[in-house]
Amino acid sequence: MSTVQTMMGKSLLGLKDMSASELMSILDRAAYWENNPTKISNVMNGRFIANLFFENSTRTRTSFEIAEKRLGAEVINFSSAESSVQKGESIYDTVRTLESMGMEVGVIRMKPIGLLAELAGRIKAPLVNAGDGNNEHPTQALLDLYTMRNHFGSIKGLTVAIIGDILHSRVARSNLWALREMGAKVVFCGPTNMQAPELAEFASYVTMEEALKADVVMMLRVQLERHAHGEFRSPDEYRAQFGLTMERAAKMASHAIIMHPAPVNRNVEIDDELVEHPKSKIFTQMSNGVPIRMAVIERALG
């Protein structure tokens, strides 16, 4: 299951099995925090939250930290590069050690898939998935849904095209599960060697031309480093076939929006001029990450 009940609250490991009502409750609570005129709350005063990032991150970690501090929590930032993990300590022992010192919620990013669920079964404190391998990135998908709902008023009935490296994308997976549950249609588009065959039964693969007809055109970061011997020899080749160029953006519906989880490879998956184009919601997504993560942290502590 994607949600795990703990002694202190609820872990958020993924969105695959989350109901529409629970997804909606998180979005609604995020709206409460976004519209709260008080920037700093004391609702989590004296509570200890640890950000445990065993994989590099800038935006996600910073967004979580701002969210936690806006709730009034005491924040511990943990970097594996400076920890005993480098000396051979297991991730479990690291998390268990911080829990024994008073950690009440653990926000975790890691490369291994499946380990987070195992940890949640052994750790009493609730855990929040900040991205695990190419499995899920639930808070990114939640902020994406929040952005769509704010713009369109509802998610039900939307068509969302997710374009790019589906194979390695945890963002694509979390969005797929949540959007389908909320009544949206998801289509994928990408090079053959960047497709995820196991997801084909849940979302069809379409041409770039067809993808541009969607209400939401969501570009993914192209992880060309994972495809050194693939069909694309250069970023220019990728842009020519699957990049959102100015010419392609002109073919989008007048009401459609552009999204991207960031970081952005400008002039690769998306032209530089489109990053802050009127249709683009990229920086709005980043802004929405704070109230979403406030809602998730609050939920974790019950």
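Some notes on this structure:
- Hull volume in cubic angstrom per residue (convex hull over the Cα atoms of the chain): 130
- Between 0 and 90°, nearest 10: helix 282-300 axis offset from the chain longest Cα axis: 30
- Net charge of the neighbourhood of Ser204, taken over other residues with C-beta under 15 Å away and scored Lys/Arg +1, Asp/Glu -1, is -1.
- Calculated mean residue ellipticity, 222 nm, the chain: -10500 deg cm²/dmol, from DSSP H runs (n ≥ 4) at -39500 (n - 2.57) each, averaged per residue and rounded to 500.
- Over the chain, Cα pairs under 8 Å with separation of 6+ residues give a relative contact order of 22 percent.
- Order of Lys281, Lys111, Lys16 under a 10 Å beta carbon neighbour criterion, fewest first: Lys111, Lys16, Lys281
- Comparing Lys213, Lys124, Lys39 in a Gaussian network model of the chain where C-alpha atoms under 10 Å apart are linked, the largest mean-square fluctuation is found at Lys39.
- Using alpha-carbon coordinates, inclination of helix 170-181 to the longest axis of the chain, degrees: 90
- By other beta-carbon atoms within 10 Å, ranking Val107, Val186 with the fewest at the front produces Val186, Val107.
- Max mean-square fluctuation residue, GNM over the chain, Cα-Cα springs under 10 Å, options Thr139, Thr38, Thr159: Thr38
- Pairwise centroid distance, computed over Cα atoms, of region 192-219 with region 270-298, Å: 21
- Selection from Val187, Ile257, Thr38, by position along the positive dipole direction of the chain (Cβ): Thr38
- Counting only DSSP beta bridges with both residues in region 138-285, the antiparallel share comes to about 0 percent.
- Using Cβ point charges alone (K and R +1, D and E -1), the dipole size of region 138-285 about the Cα centre works out to roughly 440 debye.
- Remark: relative contact order (region 138-285) = 24 percent; criterion is Cα-Cα distance under 8 angstrom and separation of 6 or more residues.
- Pairs over the 18 Å Cα-Cα cut-off, from the set Lys39/Lys69; Lys10/Lys124; Lys39/Lys281; Lys16/Lys69: Lys39/Lys281; Lys16/Lys69.
- Across region 138-285, the convex hull enclosing all Cα atoms gives 98 Å³ per residue.
- Considering only the chain, percent of DSSP beta bridges that pair antiparallel, nearest 5: 10
- Residue of Met246, Met44, Met148 that the Gaussian network model of the chain assigns the largest fluctuation, springs spanning Cα pairs under 10 Å: Met246
- Ordered by the count of other Cβ atoms within 10 Å of each Cβ, fewest first, Ser254, Ser280, Ser169 give Ser254, Ser280, Ser169.
Any read-out appearing in this document is the output of simple, stated calculations on the displayed coordinates, not a laboratory observation. Remember, predicted model here, so these are calculated numbers, not experimental data. As a convention, Cβ positions derive from the backbone with ideal geometry for all residues, glycine included, and neighbour counts pool all protein chains shown.
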